[in-house]
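A quick write-up on the structure given underneath.
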Amino acid sequence: MQSRPVDIWRIVITGARGVSARLNFRQIEAFRAVMLTGTTIAAANMLNTTQPSISRSLAQIQSAAKLKLFELDRGRLRPTPEAVMLFEAVQRNFLGLEAIEETVALLRRSGIGRLRVACTPALGMSVMPAVMARFKVRQPDVHITLRTISSYDVREGLLNGLYDLGVTTNSLQLEGAHSSRPRSLIRWPRFA
């Protein structure tokens with residue numbers, strides 16, 4: 001069974017007295033930064049803020065969620081299993097946010113079409129550069145982005161609409177997608 005992505009920006013948590021506590025973007029961004037960097041100091045540097053600000057945001061998100069997200073182990077923060085699950089949802093949403101930012105930047109630059117391609121590293125280092133170059137000659141007004149990621153991430157990215165085209169050496173089972181021989185090219189119906 002597939003899990004549905006959680007829209008983390010709309011999470012509302014109801015407290016014991018029925019008062020809802022919203023998680024704000026700054027708290028989620030601080031949580032993500034700590035998960036990515038491993039420390040509140042590195043997270044503060046990443047976000048150009050102070051360590052106390054990061055610690056305060058972590059305390060607020062834990063209080064609002066009524067979840068313990070980190071354990072203190074010999075002075076180091078260790079994420080709990082709940083933190084890892086929350087981080088996965090946050091990452092999916094941040095990837096979507098990055099895709100929006102890329103689209104805005106693209107529209108500012110060209111106002112023309114785009115093609116978002118994902119492939120495995122082996123293909124990204126071998127055949128894809130030549131394929132992309134040929135496509136660019138034929139379609140010079142189309143902005144192309146190529147991401148080299150795992151087959152699993154290609155599949156997830158296609159399912160979540162992060163990519164228009166997925167190329168992999170593995171067979172991917174995607175309902176509603178078209179696959180060409182040797183079952184390595186996946187296209188959504190709108191591009192078929």
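Readers should treat all values here as calculations from the given coordinates under stated rules, not as data from a laboratory. Computed from a predicted model, the values in this text were never measured in an experiment. Cβ coordinates were reconstructed from backbone atoms using ideal geometry, including for glycine residues, and neighbour counts include every protein chain displayed.
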Segment 62-79 versus segment 23-46: alpha-carbon centroid distance in Å: 13 Å
Ellipsoid semi-axes in whole angstrom, largest first, where each is sqrt(5λ) of the Cα gyration tensor of segment 36-88: 18, 13, 11
Label-point gap, in nm, between residue 94 and residue 67 - each point 7 angstrom along Cα→Cβ: 1.5 nm
Inter-part distance where segment 112-128 and segment 139-170 are each reduced to a Cα centre, Å: 6 Å
More than 23 angstrom apart: percent of Cα pairs within segment 62-156: 49 percent
